[in-house]
1. Is it fair to say Phe117 is closer than 20 Å to Tyr10 by Cβ, aromatic (Phe, Trp, Tyr) and surrounded by fewer than 21 Cβ atoms within 10 Å (Cβ to Cβ)?
2. Would it be correct to say that Val62 is farther than 21 Å from Ser100 by Cα and among the β-branched types (Val, Ile, Thr)?
3. Which of the numbered conditions does Pro58 fail, given that it passes all the others? Conditions: (1) surrounded by 19 or more Cβ atoms within 10 Å (Cβ to Cβ); (2) modelled with pLDDT of 95 or more; (3) within 25 Å of Arg40 (Cα to Cα); (4) not basic (Lys, Arg).
4. Of all residues in region 63-109, how many are under 23 Å from Ala19 (Cβ atoms), of a type in the set (S, T, N, Q) and part of a helix (DSSP H, G or I)?
5. Residues being over 16 Å from Pro91 (Cβ atoms), surrounded by fewer than 21 Cβ atoms within 10 Å (Cβ to Cβ) and aliphatic (A, V, I, L, M): count how many of those fall in region 61-78.
6. Mind listing whichever residues of region 20-37 are at pLDDT 85 or above and surrounded by fewer than 16 Cβ atoms within 10 Å (Cβ to Cβ)?
Amino acid sequence: MPDRDKSRGYEAIAAHYIAGRGSNYKGRGIGAAEVAEWSRMLPEGASILDLGCGTGLPISQVLIERGFQVCGVDASPSMAAAFRANFPEVPVECAAAEDSTFFGRTFDAVVSWGLFFLLEEATQRQLIAKVARALNPGGGF
């Protein structure tokens, strides 16, 4: 039996994604304003895990610009490579969010823009539990 697509279809469309939404940040990408507003509640320099980070544009970008310490995880090798090219100093892991080794650490916050709706209910529950364990007291999700 072949392995299931851990990227949930994103690897197959990565080139198209990167050419569109994934490359056109310009400060106004989908979710950027909402994540910037959400991040106002976080302490200065907070550590943030971006689940399903894609290319990092615009979500990780807006967080990095605000001075946060971001780590990204994405299951698509092409997306993780694009993230690494966009932010060479930012740790990124190519793995399904639920399999990420970053869950061996703790974070002040976790963000996941556009991932959870792709996951099966059991995987959502598993991932929410992992996020809860990875958050520092008072952390945001």
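1. Details: closer than 20 Å to Tyr10 by Cβ: yes; aromatic (Phe, Trp, Tyr): yes; surrounded by fewer than 21 Cβ atoms within 10 Å (Cβ to Cβ): yes.
So Phe117 passes the test.
2. Values: farther than 21 Å from Ser100 by Cα: yes; among the β-branched types (Val, Ile, Thr): yes.
Yes; evaluated as a whole, the condition is true for this residue.
3. Every condition holds for Pro58 apart from (2).
4. Adding up the residues that qualify gives 2.
5. Residues that pass the stated criteria total 0.
6. Within region 20-37, the first condition is being at pLDDT 85 or above, and the residues that meet it are 31-37.
Within region 20-37, Gly31, Ala33, Glu34, Glu37 qualify.
The values are calculated or read from the model by the stated rules, or taken from the named source; none is laboratory data. Model, not experiment: these values are computed from the prediction. Because the Cβ atoms are built from the backbone with ideal geometry, glycine has one as well, and the counts that use them run over all protein chains shown.
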